[in-house]
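Report on the structure given below.
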Amino acid sequence: MKKGILKSCILGMTALALSAGALHAQDRIKVLDRMMYTINPSAKLDGPQFRDASSASEKSAYLQQVIKSILKEADAKAGKYLEAGDTQAYYAFLTMALTVPLHEGVYIHFRNVDGNVCVQEANSGNMVRKSSETTYKIFAQYFKDPKMPFFPECSEIKSSTGVRQMIRGGDGTDLSMMQVSIRWHFDDFLANKKYESVSRTLNYGFSHLLNGFDPVYRNVSNYSCIYDRSLPKRRVSYINLIKGIWAGKYNSGSIAQTCRFADPNSPFKNHDANFAKNLDKILNFSGVIPVDYVGDIRVDGAAADAIKEIVKNLKEYKNERSALNRLLGR
């Protein structure tokens with residue numbers, strides 16, 4: 001793992017979506033069991049919790065809360081572009097912000113579930129230890145406080161109802177909806193316990209995205225995969241800009257890898273193709289978002305209108321903000 005990486009792949013599994021019928025027939029989405037740390041029941045958490053056994057309308061309400069948090073934090077980061085009159089950069093960042101937590105954490109930060117779902121190898125830290133002794137020491141320092149461990153031993157989890165969990169990567173070294181690497185982001189993300197909050201996690205992840213977006217966009221003519229003289233305005237392919245920021249700064253940890261997604265011989269071409277599929281879910285949004293592992297979730301009301309408005313503005317070089325302003329309470 002390179003410094004600065006926030007991994008894209010959860011458990012290294014290929015993406016799958018459960019059918020609506022399958023979701024209706026079960027209380028728990030069992031594939032998620034293998035993607036979670038179990039949280040101390042006494043820990044204070046901030047933000048919506050995904051509930052497997054909830055109804056379709058409740059899942060929709062959950063996702064609307066997540067979408068609102070995403071757009072609130074993304075607007076705060078990219079607002080400087082809007083103020084400068086560069087609406088396309090602003091809407092490109094918001095579109096990217098809607099895509100990355102879908103791709104990285106299937107729009108789940110906290111999960112609330114019934115069942116004996118605690119995975120001892122994960123909560124004990126043994127999973128992380130297999131990856132790196134250094135990373136294990138970081139895990140133990142921040143999550144295994146003897147007085148109140150955030151991830152306790154499974155034997156200490158007495159209840160099997162309302163169990164609270166946090167999504168993680170396959171080897172346990174990345175966690176949260178933004179799949180933040182605990183190896184390289186402990187001095188702020190872990191030290192300040194930002195993982196306890198959905199909004200603070202999004203804010204942290206979007207800051208990392210902006211650290212790639214700003215320098216690439218300022219020097220866009222240096223990136224042949226993004227700069228196209230045949231295009232209008234700044235001659236930027238904003239869709240490719242989104243793909244490049246994820247492939248470079250976010251996934252590889254290096255801006256030098258921005259055009260990785262355009263290389264047909266890249267060893268990471270499957271990573272980039274899977275990200276592009278999730279980006280297409282946002283670009284083609286018509287009311288339902290197919291969420292890997294979880295299934296189709298309908299988005300209604302102001303959240304749905306805001307997504308449609310953002311995508312339309314990005315594609316058509318417009319700046320119609322009535323739905324987005326309504327969602328953000330303006």
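Criterion first (in contact (Cβ under 8 Å) with a residue 40 or more places away in the chain and either more than 28 Å from residue 80 (Cα to Cα) or surrounded by 23 or more Cβ atoms within 10 Å (Cβ to Cβ) (or both)) does residue 213 satisfy it? Yes. When the helices (runs of 4 or more DSSP H) confined to region 110-149 are screened for residues that are among the basic types (Lys, Arg) and surrounded by fewer than 21 Cβ atoms within 10 Å (Cβ to Cβ), those reaching at least 1 such residues are found at 126-131, 133-143. Pairs, please: C-beta under 8 Å, at least 6 apart or cross-chain, first residue in contact (Cβ under 8 Å) with a residue 60 or more places away in the chain and in region 178-196, second assigned to a helix (DSSP H, G or I) and of a type in the set (S, T, N, Q)? Listed pairs, sorted by first residue: 178/201; 180/201; 183/134; 183/135. Of the residues making up region 258-276, just one is over 18 Å from residue 95 (Cβ atoms) and crowded, with 21+ Cβ neighbours inside 10 Å, namely 260. Listed by position, the helices (runs of 4 or more DSSP H) enclosed by region 10-109 that each have at least 1 residues that are in contact with a Ser or Thr (Cβ under 7 Å, 6 or more places away or on another chain) and either under 30 Å from residue 317 (Cβ atoms) or at pLDDT below 95 (or both) are 56-83, 87-105.
Here 279, 231 are screened, and the one residue that is more than 16 Å from residue 96 (Cα to Cα), among the hydrophobic types (A, V, I, L, M, F, W, C) and either buried (at least 17 other Cβ atoms within 10 Å of the Cβ) or modelled with pLDDT under 95 (or both) is 231. Scanning region 74-101 for residues being crowded, with 24+ Cβ neighbours inside 10 Å, among the hydrophobic types (A, V, I, L, M, F, W, C) and either more than 18 Å from residue 219 (Cα to Cα) or touching a strand residue (DSSP E or B) at 6+ places or on another chain (Cβ under 6 Å) (or both) gives a total of 6. Only one of the listed residues (107, 81) is more than 20 Å from residue 176 (Cα to Cα) and among the aromatic types (Phe, Trp, Tyr). That residue is 81. The residue that is farthest from the chain's Cα centre (by Cα), among those in region 283-330 that are polar (S, T, N, Q) and part of a loop (DSSP other than H, G, I, E, B), is 319.
The values are calculated or read from the model by the stated rules, or taken from the named source; none is laboratory data. This one's a predicted model, so the numbers in the text were calculated from it and none came from an experiment. Don't worry about glycine lacking a Cβ; one is built from the backbone with ideal geometry, like all the others, and counts go over all protein chains shown.
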